[in-house]
Amino acid sequence: MTETALREGGEEPAVGARWQRAAARGKVRGTTKYVADLPVPPCAQVAVYRSTRPHARILAVDVTQAAALPGVQAVVTGQDLFALLGERLLTGPAFADQPALAYDRVRYVGEPVAAVLARDLATARAAVDLIAVEYEDLEPVYDVETALKGEFFVHDVLRPSSVFGDLSHLRGKRDTNVCYEYNLRTGDVDAVPTDGVTTVSGEFWSPPVAHVPIELPCTTAWVEDDRLEILTTTQTPSYVRQAVADLLDLPLNKVRVRTSVLGGSFGSKMYDRLEPLAAALAWSQQTAVRLVATREEAFLLTTRHGAGVTSSMSADADGNIVAATADVAYDTGAFADVGPRITAKSGMVAAGPYRVENAWIRSRCIYTNKPSAGPFRGFGVPQVTWSHESLVDELARELGEDPAEFRRRHLLREGDEAPMGTVMHSADFVGCLDAVTDEIGWTTPYEKGEGRWRRGRGVAVGMKAVLTPTIANAVIQLNQDGSATLMISTVDMGQGSDTIMPQIVAEVLHLDEGSVRVVAADTDTTPYDTITAGSRSTYHTGNAVRAAAEKMRDKLVDLAAQRLGVAASDCKVTSGGVMSTTAQETVSISDLMHGHFGARGTTLTAEANFTTSWQPYDHETGRSRQVTEHWFAGAVAVEILVDTMTGRVKVEQLAVAGDVGRAINPTLVEQQLTGAAIMGIGHALFDELVFDQGQIVNGTLLDYQLPSVRDVPAKLTAHVIESAHRTGPFGAKGVGETGILAIAPAIANAVRDAVGVRITRLPLSPERVLEAMTEAGVS
Amino acid sequence: MPVLHQPRDLDEACTLLAELDDPMVYGGGTAIQILLKQGLLFAENLVDLSFVPGLTAIEATATGIRVGAMTPLRRMETDAQVAGVVPLAAATYGHVANPRVRNTASVGGNIAHGDYRLDPPTALLALDAQVELRSAHGQRRVPVRDFFVDFQLTAVEHGELITAIEIPAQPAGSASSYVKLSSLGENDWPSASAAALLVTEAGRRTLRLGIGALAPIPQFVSVDVSGHDLETTVEAAKAAADPLIDPIPDVRGSVTYKRRLGLVAVEDAVRRAWKDQDDD
């Protein structure tokens, strides 16, 4: 950890300070305006008819009765939109496979087929009940096993979108449910001598889960003159603008996408959610429309990928990890969404954050007739972490070694080459592991107990790459009174970007807390930013913000040098303004700007871009010298109790650590780690979307399980590790996902420790734990 | 959207219930709102009892207490009189959902919901409570042990509303406990629950058990445990509960698991009640 030194004159630095979260007061008091609260023109309310079949051809859609209902303004079917837009109706970040409304075929129970526009929602919903659809059932593909048999296909042909250029070789591929395959070949796992080698293997499963942010998705779209305005809950305003412009064949300046702070998202509000449908309806009907997902509909919009991993890990007689294999299958549901990216980026770390000489990984993205899976905090990595952290733990136990010490010995260090060929920097796995094991007193002996409750400890480490390559832009407008306005398209969904981006500006320009305001993302005013996701903003947008602030600083210095008649090199920005050593004078920003422009209220603007690049992995070996701009490293240690009568697991203590490079705001970093840990406890113990014949059976908050305050461990601590990144803004990296990666395996490893059973399927429900104990003869 | 009616007295409420199409009594609304929103419940007319006077009183009676139907669950948990006269009820009401729901949900609405997983019925069964019903035709009382008729079905007839629950005082020297076991989130519905009441009267020792979430309706059984020690009482309780357990399998667990959990709930409740008795 670094101590922040006071700056000259006793001024406290902004970077590293625990500034209060922006809008905290408004959120607590209920005065913050979310998307659904913002004023919009009078709108038609939209209700959606959703498919009742998992896989079927649409033979006919009868909307006569629905259209005749008083109060109904229009009923629009997929066929109507297809007639208007043709194949442009198909959108999606990786594959253009997702129709705003299904027009020829439905691919999951709940897929939108028709939309009713009415004067109020009750009327719209009543009209939906009057729509009759005639289907011809097709063979459904419910799971990846069936999908891989290749007898029936969710899509007839693969359609890579224009967004990701590296997928173009898949265009036109037929007769497959595998829409993407990533392979890693490092060394040769088959050539590893078997003499004295210990191998552990398993079949791991992580079920699909739902994001369940408190704020429901809401999109309003309307036509203003000859342009389309969209106000929507999205993490990806720049993407949505492009997607909608493509959909409607409009120039980018005729599509405006705005958002507000989001009431949580976790990956659920990005890419193509309600926006293509809202845009198509508003434009085709030349009217204003409003779509709000109900809580039940939100369960259908996107999920986390269910994933199976068949894997092994081997150590030689000296305890070196000599081989790791993983066959990963991501169930992406009816649409690829960003599944192909997840498949590659997460597949490549399936061997774990260890020095492994020989690795074989196959990671596949597989279509099924279920709701589409998309990005979810962790981007597919928790599913492979579940595998490698269970395996490495079991391997240590097989070898009679302490699981934490065994990991410590093999974890990647600075300068090590990871199995996919990239050299590690600013990824202090050992520091994270040390912090969490110290916190729970790993080396102090403890009683496992012999009665009803058994105690156990577990540890796990996680590794994730930041999304690369990506693009960020920032525009700073400095006002004559010394306050500043920051224009970025990063969306604050609770992660705290509206707090830390101003801290970066303030650090460079020596401004006070509260003096920099972030403008809500608006594609008419805020510049392009790839996405707010993948923990990328602190680093990418943070770097753009820092660079813009530095340009602003230079402008101020130039103005001061001019005014004072000194060299620019003689001037520097301080908390009081710009100071010249020679002139022994400090000019405040407000005087400087007033002097320059000759007016009050004037503005000075600076802008900057920050773009990262990568070396695409080799298609044969999956290797790359620079597969990512940087890494996230995290570790978790837990102490748990298992109730041997009920199988219930109670997490008593949890310590979570993340290497953030440098904490711009330590409080927000701790909160991110803590929040991720609590979400992870849900995934470990009970979160699960249960399907029956392609239909979600627990898609309501009466049945879907989320952690409540009563599931939070009595002791939960977050540990900030700072291994500065050489090109991070002030050394910083993101932290949104770090804390969630290793929670489930840490808990499962503790269950293994407590009652001696290794469970490979999530969640660790009491019934599953008890079954495993019964099978193993543990009582 | 259903129409909301807000009668000012009981007679008006009863008249509305008799005359309206498809009426439904609206208490705290915590269950109705969710069920309506999800399309699981249909009502054209809601008769809200908030403005009917006299439905929130907790009164001492000759034999125990009488609780008005609109009394919030939170009061059952925190009221000193309830805790003194029927500690098992106070403890059980304190386990319902969360404080926000308990502050809103009503005692009458709770049992009218009729869900097999409700917490309070287990205690009310053990305590032999009576449900007071009223309609345009008059008043009647139904023992809570006859109140739950079938899955989501209670003895409340068309045109009737619950006005109060009468709970006999827990006998002197009795001991009790309520155990709620969830299988997923801690704050979820129970997958098994049990209220145990140990009573010694006229030289006989009786264990009264109310069990919830383990069959389509809450179940009750009484066991003579005179002369039993703790271990034989536990065995007798499990033996008596076992035939009543008929779990509904769902995402929370299979029949086998819930049965097993049910017997754990019974055992835990008996052991805690026994300990409660030793502590006194």
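Brief remarks follow.
- Within 10 Å of each Cβ in B:248-257, the average number of Cβ atoms from other chains: 4
- Cβ charges +1 (Lys, Arg) and -1 (Asp, Glu), total dipole of the range B:175-279, debye: 200
- In this structure, A:R227 and A:L38 have a Cβ-Cβ separation that, at R0 = 22 Å, corresponds to a calculated FRET efficiency of about 0.75.
- log10 of Debye I(q)/I(0), alpha-carbon scatterers only, for the range A:342-497 at 0.12, 0.13, 0.19 Å⁻¹: -0.74, -0.82, -1.25
- Contact order normalised by residue count of the range A:20-100, Cα under 8 Å, 6+ apart, percent: 12
- When the range A:156-257 is reduced to its Cα atoms, the Kirkwood hydrodynamic radius in Å: 19.2
- Percent RCO, i.e. relative contact order, over chain A, from Cα pairs under 8 Å lying at least 6 residues apart: 15
- Local net charge near B:P216, Cβ-Cβ under 9 Å (Lys/Arg +1, Asp/Glu -1): -2
- All Cα pairs of the range A:44-140, percent lying beyond 19 Å: 41
- In order along the range A:664-678, the Karplus-derived 3J(HN,Hα) couplings, from 6.51 cos²θ - 1.76 cosθ + 1.60 at θ = phi - 60°, round to 5, 9, x, 4, 5, 5, 4, 5, 5, 5, 5, x, 5, 5, 5 Hz, and Gly and Pro are given as x.
- Other residues lying with their Cβ under 11 Å from the Cβ of A:D175 contribute a combined charge of 0, Lys and Arg counting +1, Asp and Glu -1.
- Pairwise label distance in nanometres, A:T31 with A:T602, each label 7 Å out on the Cα-Cβ vector: 3.4
- Computed from the alpha carbon positions, the gyration tensor of the range A:458-572 leads to an equivalent ellipsoid with semi-axes of 31, 16, 13 Å, biggest first.
- Cross-link partners of A:K370 among lysines (Cα-Cα below 22 Å; sequence separation of 8 or more within a chain): A:K149, A:K173, A:K269
- The mean number of Cβ atoms from other chains found within 10 Å of a Cβ in peptide B:34-42 is 2, as a whole number.
- Positive-end ranking of A:A147, A:F379, A:C179 along the dipole of chain A, with charges on Cβ about the Cα centre, is headed by A:F379.
- Per-residue extension of 0.36 nm, minus the Cα-Cα distance of A:R295 and A:A60, leaves a gain of 81.7 nm for this segment.
- Given charges at beta-carbon only (K, R positive; D, E negative), |dipole| of chain B in Debye: 500
- Magnitude of the charge dipole for chain A, about its Cα centre and with charges confined to Cβ atoms of Lys, Arg (+1) and Asp, Glu (-1), is about 1180 debye.
- Over the range B:175-279, the pair-distance histogram of Cα-Cα distances with 10 Å bins from zero comes to 17, 50, 26, 7, 1 percent, rounded to whole numbers.
- Normalised alpha carbon radius of gyration of the range A:182-335 [divisor 2.2 N^0.38 Å]: 1.56
- With both residues required to sit in chain B, DSSP beta bridges show an antiparallel share near 85%.
- When restricted to Cα atoms, the range B:51-168 yields an Rg and a Dmax of 13.0, 37 Å, respectively.
- Rolling a 1.4 Å probe over the protein chains gives B:E12 an accessible area of about 80 Å².
- For B:D150 and B:T15, a Förster radius of 41 Å and the Cβ-Cβ distance give a FRET efficiency of 0.90, rounded to the nearest 0.05.
- With both residues required to sit in the protein assembly as shown, DSSP beta bridges show an antiparallel share near 80%.
- Cα-only Debye scattering, the range A:629-779: base-10 log of I(q)/I(0) at q = 0.11, 0.14, 0.19 Å⁻¹: -0.49, -0.73, -1.08
- Spin-label pair B:D278/A:V778, simplified geometry with 7 Å Cα→Cβ offset, distance in nm: 2.9
- Adding -39500 (n - 2.57) for every DSSP H run of four residues or longer, then dividing by how many residues chain A holds, sets the calculated 222 nm ellipticity at -8000 deg cm²/dmol.
- As an equivalent ellipsoid, chain A spans semi-axes of 41, 38, 23 angstrom, where each value is the square root of five times an eigenvalue of the C-alpha gyration tensor, largest first.
- Once B binds A, the 1.4 Å probe can no longer reach about 2000 Å² of accessible area, counting both sides.
- Computing Rg and the Kirkwood Rh from the Cα coordinates of the range A:728-779 gives a ratio, Rg/Rh, of 1.27.
- With contacts taken as Cα pairs under 8 Å and at least 6 residues apart, the range B:41-113 reaches a relative contact order of 28 percent.
- Take the Cβ atoms of A:A132 and B:T61, set R0 to 51 Å, and the FRET efficiency comes out at 0.30.
- The Rg/Rh ratio of chain B, with Rg taken over Cα atoms and Rh as the Kirkwood radius over Cα pairs, comes to 0.98.
- Count Lys and Arg as plus one, Asp and Glu as minus one, and take only other residues whose Cβ is under 14 Å from that of A:W205; the net charge is then -3.
- With each label modelled as a point 7 angstrom along the Cα→C-beta vector, the A:D481-A:H425 pair spans 4.3 nm.
The values are calculated or read from the model by the stated rules, or taken from the named source; none is laboratory data. Since we're looking at a predicted model, the values are computed, not measured. So basically every Cβ, Gly included, is an ideal-geometry build from the backbone, and we count neighbours across all protein chains shown. For the accessible areas, the whole protein counts, side chains as well, though only heavy atoms, and no ligand, DNA or RNA atoms are used. Shrake-Rupley method; radii C 1.70, N 1.55, O 1.52, S 1.80 Å.
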